[in-house]
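For reference, the structure discussed in these notes is given below.
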Amino acid sequence: MISNLKIFLISLVWICGSQANDFLQSAWSESEFDFSDKVVLITGASGGLGAHLAREFAKNGAHLIVNGRRKNSLIKITRQLQEITLNHARIFPYLADVTKSDQLAAMVNASVARFGRIDILINNAGGGVLSSISDPNLSQKMHQMMDLNFHSVVELTHLTAPYLERSKGVIVTISSILGQKANQYFMPYCAAKAAVDMFVKSIALELGPKGVRVNLVRYEEKRSEVKWITL
């Protein structure tokens with residue numbers, strides 16, 4: 001069984017910095033963070049939190065599907081992962097735009113063909129834009145934010161759910177405190193993240209009884225606050 005605590009603490013190091021890393025090293029042994037032979041798919045893994053998660057999973061023995069849409073960044077993180085991976089775990093970089101349904105389907109199919117299963121899905125890809133009700137381009141930006149932050153999560157979770165049911169796996173979706181805290185300048189982003197939060201809560205009711213752990217991480221962009229929800 002894959003521990004929610006393990007994945008949360010890996011996220012905490014990136015969000016809170018070196019103090020959390022020191023805490024981890026003093027409180028837990030390496031064996032408690034052993035992901036050997038687990039297959040982990042991470043979106044938005046070419047930078048930021050996604051790249052950090054990929055590095056931590058690699059150091060703990062996981063096979064990785066690392067997704068990004070910037071080729072050079074994806075090549076760079078893949079090389080880093082290959083240098084630090086434990087037990088010769090395999091790294092499978094996959095260039096795909098998460099807002100494109102056909103590219104998501106191709107990525108899932110290629111991942112299953114490569115590894116035979118998926119154990120952990122990390123819905124990490126996302127982004128925000130400035131906009132308000134007076135913005136002449138509001139409709140366009142709203143569609144953009146929903147496609148990037150919400151529809152991509154729905155589509156990829158839908159595609160991977162059958163494999164996660166078989167592996168009794170874990171879904172971790174990275175959200176934002178702005179899904180719960182309104183901001184007049186980031187309204188489309190707030191709305192998209194609020195939709196993500198309710199989607200995750202809803203699928204937890206369906207997938208939990210099937211043995212799939214569904215989790216949500218909300219954090220502030222300044223990394224000053226993190227809220228972990230186990231559903």
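Here, each number is a calculation from the coordinates, and none is a lab measurement. Quantities reported herein were computed from a predicted structural model and do not represent experimental measurements.
Under 5 Å from the amide H of PHE92 lie the amide H atoms of LEU64, ILE65, VAL66, each residue being 5 or more positions distant or on a separate chain, with H modelled from the backbone and absent for Pro and chain starts. On the principal axes of its alpha carbon atoms, the stretch 126-175 extends 47, 16, 12 Å, with the longest extent given first. Given their separation in residues at 0.36 nm each and the Cα-Cα distance between them, SER132 and LYS210 gain 24.0 nm when the chain is fully extended.
If the segment from HIS158 to GLN82 were pulled out straight at 0.36 nm per residue, it would be longer than the present Cα-Cα gap by 24.4 nm.
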